[in-house]
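Contents: one structure, followed by commentary.
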Amino acid sequence: MFFKQLSLILSSGLSLLQGLELMQVQGEKKMLPVYMELRAALERGRSLSEAMGEQRRFFSELAIALTVVGEESGSLSEVLDELGDYYKKQEELGEMLVKSALYPLFLLLFSVTVLCFFLVFVLPVLGNAYLSLQIQPNGILKNLLDVREFLAEEGVPAVCLLLIAGCVLYKQRSAVEQRFLVLPVIGRVHRLFLEIRFCKLMALMLHSGVDIVKAVGLCRAAVGSGRYTCWLELFNQRLQRGMDISSAVRGCS
């Protein structure tokens, strides 16, 4: 929203300072400190990209680099407009993924709730009924009773082990992601998502006038995938050695 608003203001003929002053009045309240800091930096003689560089909590390397390109090429309004479109599409994609995950998540939580209710309230009644009839439980019922007994006795250590395993997996998330990417369906969807994001980023930067080597370097930081980061680093090195794009891609495959 910030980039679209600023692009519209610049297109209307207002200066950056006037635009930020207007956004302070009409913009989002949560962004007010950012507008104030940007305006103060501009008043000190900084460029917009330099002012954004002082606010890296809010602006990515990609946004700063493209702003530099827009300033140098004299097409800042157009570049900001394209940045606004890119981030809007990323936001819409994120919302779509969240909405897509809500129903499976609801089913998972509902299933876990039903299972816990069954283990805590229903299973003991069934077990006592079998004991009162002097019948030894067998099959699935016996297995469920064993699970309940184990959780009752070793529940706390089991939860601790799960937490430790979660911490280990988080620290080894790059390796986990590589395993994730080779899964038949999920991995293919994930790879497709990363490839689409890479292509959109490259199209945005090349259209804005960014050199291809620099564009690949920025994509490496923006894609956010350990495996693809390594691939892009190798791709970038091959481009720097003077290889054409098709040869560099084949060499990295």
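Can you confirm whether region 96-109 contains a residue that is assigned to a helix (DSSP H, G or I) and of a type in the set (Lys, Arg)?
Scanning region 96-109, I find at least one residue that is assigned to a helix (DSSP H, G or I) and of a type in the set (Lys, Arg), so the answer is yes.
Wholly within region 148-252, which helices (runs of 4 or more DSSP H) include no fewer than the required count, namely at least 3 residues that are among the aliphatic types (A, V, I, L, M) and at pLDDT 75 or above?
Working: elements: 173-181, 186-207, 212-223, 226-240, 245-252.
Filter on region 148-252 gives 186-207, 212-223, 226-240.
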Practice item. Go through the residues of region 85-103 one by one and say whether even a single one is modelled with pLDDT of 80 or more, in contact with a helix residue (DSSP H, G or I) (Cβ under 7 Å, 6 or more places away or on another chain) and not hydrophobic (A, V, I, L, M, F, W, C). Key: yes
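With respect to residue 121, determine if the residue is surrounded by 10 or more Cβ atoms within 10 Å (Cβ to Cβ) and part of a helix (DSSP H, G or I). So that I can check it myself, show each step before the final result.
On the way: surrounded by 10 or more Cβ atoms within 10 Å (Cβ to Cβ): no; part of a helix (DSSP H, G or I): yes.
The answer is no for residue 121.
Restrict the check to region 74-96 and report whether at least one residue is among the small types (Gly, Ala, Ser), within 16 Å of residue 210 (Cβ to Cβ) and either in the same structural domain as residue 201 (by TED's automatic domain parsing) or surrounded by fewer than 13 Cβ atoms within 10 Å (Cβ to Cβ) (or both). Don't jump to the end; show me each part of the working.
Our first condition is that a residue be among the small types (Gly, Ala, Ser); within region 74-96, this holds for 74-75, 77, 84, 94.
Applying the additional criterion that residues be within 16 Å of residue 210 (Cβ to Cβ) yields 74-75.
Filter once more, so that each one left must be either in the same structural domain as residue 201 (by TED's automatic domain parsing) or surrounded by fewer than 13 Cβ atoms within 10 Å (Cβ to Cβ) (or both): 74.
Checking region 74-96: at least one residue is among the small types (Gly, Ala, Ser), within 16 Å of residue 210 (Cβ to Cβ) and either in the same structural domain as residue 201 (by TED's automatic domain parsing) or surrounded by fewer than 13 Cβ atoms within 10 Å (Cβ to Cβ) (or both).
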Practice item. Could you please tell me which pairs satisfy a Cβ distance under 7 Å, a separation of 6+ or placement on different chains, a first residue in region 1-25 that is in contact (Cβ under 8 Å) with a residue 40 or more places away in the chain, and a second residue that is of a type in the set (S, T, N, Q)? Key: 7/77; 10/77; 11/77
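Out of the residues in region 66-97 that are hydroxyl-bearing (Ser, Thr, Tyr) and closer than 21 Å to residue 199 by Cα, which is farthest from the chain's Cα centre (by Cα)?
67
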Review point. Tally time: how many residues in region 12-53 are among the small types (Gly, Ala, Ser), within 18 Å of residue 68 (Cα to Cα) and more than 31 Å from the chain's Cα centre (by Cα)?
Key: 2
Practice item. Kindly check whether there is at least one residue in region 55-65 that is more than 19 Å from the chain's Cα centre (by Cα) and either assigned by TED's automatic domain parsing to the domain that holds residue 219 or at pLDDT below 80 (or both). Key: yes
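The values are calculated or read from the model by the stated rules, or taken from the named source; none is laboratory data. Owing to the predicted nature of the structure, the values given are computational and were not obtained by experimental measurement. So basically every Cβ, Gly included, is an ideal-geometry build from the backbone, and we count neighbours across all protein chains shown.
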